[in-house]
């Protein structure tokens, strides 16, 4: 089975999921023929992704959110204007994706929540089956519980999520726990995609806090807490464009460009974890038995944080109030049920992809047969 990946490049979650799935496919005798990554000029593609991925990587322009003036949250007006101006580039991106599907001879396309891929399927209708995968598809499940605030934003989040799944043969919703099947037979709940390095890491409770911030504006909030508690050691990771590989503030606080191995090592040895609410790293912390503080930057992360709280993974806050994290950590216990659920991810996901690929080949053969038959008539 030849598989083509199309990946949303915002943050690190979808990128690490893609690396994990690539390894699962290779271990099962399949081939990832290419990775297409949607990115913007405000983000740099992490070095760990290009270094660890085996398949050739191609980037294309993709819509994304522009940070607000404070550098922490989303600037909605700025984001709208920014993406309108770039519409011609997005049209070229769809051609890039369509050409990759055609020339790669892929049997299946796996879409990691990239809207340009779904729009390609909507406008060009390639015959290769598309499987969409991401934790955001849990927002479409009737049993998912949303936070009560921001009902308008929730509607738009669900609407955008549906847009990313246009043309999909199957939709895989990554979840922290098993869930009953949805009425929509295309939607299947599966465990998170977690790297072997996380599962194999030797964990211990250290004397420092590890953190990851998506928007660099949150660094000021971290510094403010640090000024009040200089005795607490902290190692934070970010993907700030143009930043040095390591920025040492003083003896107990430093910021590092996101690095795959360094982040896992830091997470495995910390006493607690602080983040902006990304699904992937919260799951990694949960698997390692690390309590988490989640400071959402937008509605999607608010939903992630609320869901993680229901699973006992951590506590949410509007700012990096690490006192709250340390208080939560006192009574935190590892979720063994989550670890067992996660350990079944490879088996469940590979079976679905192989099944979709087989169905796609049968449908393609039927199409050829029907075309040949109509040509004889």
### Query
Taking segment 44-54 on its own, how many of its residues are surrounded by 15 or more Cβ atoms within 10 Å (Cβ to Cβ) and under 15 Å from residue 16 (Cβ atoms)?
5
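Residues checked against (1) assigned to a helix (DSSP H, G or I); (2) more than 26 Å from residue 111 (Cα to Cα); (3) outside the structural domain of residue 24 (by TED's automatic domain parsing); (4) in contact with a helix residue (DSSP H, G or I) (Cβ under 9 Å, 6 or more places away or on another chain):
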| position | (1), (2), (3), (4) |
| --- | --- |
| 173 | no, no, no, yes |
| 188 | no, no, no, yes |
| 205 | no, yes, yes, yes |
| 218 | yes, yes, yes, no |
| 223 | yes, yes, yes, no |
| 226 | yes, yes, yes, yes |
| 243 | no, yes, yes, yes |
| 254 | no, yes, yes, no |
| 268 | yes, yes, yes, yes |
### Task
Out of 141, 135, 150, report the one residue that is crowded, with 16+ Cβ neighbours inside 10 Å and in contact (Cβ under 8 Å) with a residue 60 or more places away in the chain.
135
### Summary
Restricting attention to segment 88-114, the residues that are surrounded by fewer than 20 Cβ atoms within 10 Å (Cβ to Cβ), in contact (Cβ under 8 Å) with a residue 60 or more places away in the chain and more than 15 Å from residue 1 (Cα to Cα) number exactly 1
### Message
Would you confirm, using the coordinates I've provided, whether residue 188 is in contact (Cβ under 8 Å) with a residue 60 or more places away in the chain, under 18 Å from the mean Cα position of the chain (by Cα) and surrounded by fewer than 22 Cβ atoms within 10 Å (Cβ to Cβ)?
### Response
yes
### Query
What are the residues in segment 111-164 that are in contact with a strand residue (DSSP E or B) (Cβ under 7 Å, 6 or more places away or on another chain) and assigned to a loop (DSSP other than H, G, I, E, B), if any?
113, 114, 128, 129, 141, 164
### Query
Does residue 125 fit the bill of being farther than 23 Å from residue 286 by Cβ, in the same structural domain as residue 7 (by TED's automatic domain parsing) and in contact with a helix residue (DSSP H, G or I) (Cβ under 9 Å, 6 or more places away or on another chain)?
no
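The values are calculated or read from the model by the stated rules, or taken from the named source; none is laboratory data. Just so it is clear, the model here is predicted, and its values are computed rather than measured. Cβ atoms come from the backbone with ideal geometry, glycine included; neighbour counts cover every protein chain shown.
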